[in-house]
Amino acid sequence: MDVKQHYKELFEAHGNSAKAVQWGDQESQYNRFEVLAQVAPKLGSVVDVGCGLGHLYTYLRAREPDLRYTGLDFVPEFIQSARAQFAETPAQFQVFDLFNDTMPTGSDYLLLSGVFNNLMEDNWGFMTHALRTMFGAAERGVAFNAMSTYVDYHDPELYYVDPCAVFDFCKRNLSKKVTLRHDYALREGGFPFEFVVYCYK
């Protein structure tokens, strides 16, 4: 799958919406954001890795108006849209490639939502590289989500990863302070098909 082209086509089809960034609806998207943001009572400053159209910023600034926010994404159309939408805010958005660009430093937390979900040639290599880079740049910690292998259904175009393997990687390579959460569903009565990890400095 050409992931960048995939998201460009979703954006063309759905405009500035949750569906453009591959979420079913805003409710489940915001429920996901809520769990991710529970990495800390106050975030202070955030780098949003794979920010899409800036929806996480909309969610976070409603609960923390003085949040300092930088959004990164490799889809130029997303960044152009986010810059236009949030032009009157202090938020910063930039086109970013995880393998070729330098991760911004100086922010308390680096957050990532949904970036690990699409199937690619080397998902595990991509994930571990991203996590090392993010944790190295964070002042206080990182929070990210991924699709779990503990599921009742597999989509052939998505990447499912063993949460125990991810926890083990984080404990051995990033931090002694790691929390794995696999206790939430995105809809009431739903199946918990994803997980969140918090890693602290």
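Structural remarks
- Positions within segment 74-102 being without any contact (Cβ under 8 Å) to a residue 60 or more places away in the chain, under 18 Å from the mean Cα position of the chain (by Cα) and crowded, with 19+ Cβ neighbours inside 10 Å, in sequence order: Ile79, Ala82, Ala91, Phe93, Phe96
- Test: residue in segment 152-162 that is within 23 Å of Asn31 (Cα to Cα), surrounded by fewer than 16 Cβ atoms within 10 Å (Cβ to Cβ) and among the hydroxyl-bearing types (Ser, Thr, Tyr): yes
- The number of residues in segment 103-126 that are hydrophobic (A, V, I, L, M, F, W, C), within 17 Å of Glu157 (Cβ to Cβ) and buried (at least 17 other Cβ atoms within 10 Å of the Cβ) comes to 3.
- Residues of segment 182-200 that are loosely packed, with under 14 Cβ neighbours inside 10 Å and either touching a residue at least 12 places away in the same chain (Cβ under 8 Å) or polar (S, T, N, Q) (or both): Arg187, Phe191.
- Enumeration of residues in segment 170-181 that are free of Cβ contacts under 8 Å to residues at least 40 places away in the same chain and among the aliphatic types (A, V, I, L, M): Val178, Leu180
- In this structure, Ala146 does satisfy being modelled with pLDDT of 95 or more and assigned to a strand (DSSP E or B).
- Restricted to segment 52-73, and to residues there that are part of a strand (DSSP E or B) and among the charged types (D, E, K, R), the residue that is surrounded by the fewest Cβ atoms within 10 Å (Cβ to Cβ) is Arg68.
- Looking at Phe167, Phe135, Phe144, just one residue is buried (at least 16 other Cβ atoms within 10 Å of the Cβ), touching a strand residue (DSSP E or B) at 6+ places or on another chain (Cβ under 6 Å) and free of Cβ contacts under 8 Å to residues at least 40 places away in the same chain, and that residue is Phe167.
The values are calculated or read from the model by the stated rules, or taken from the named source; none is laboratory data. Model, not experiment: these values are computed from the prediction. Note that we place each Cβ from the backbone using ideal geometry, even for glycine, and neighbour counts take in every protein chain shown.
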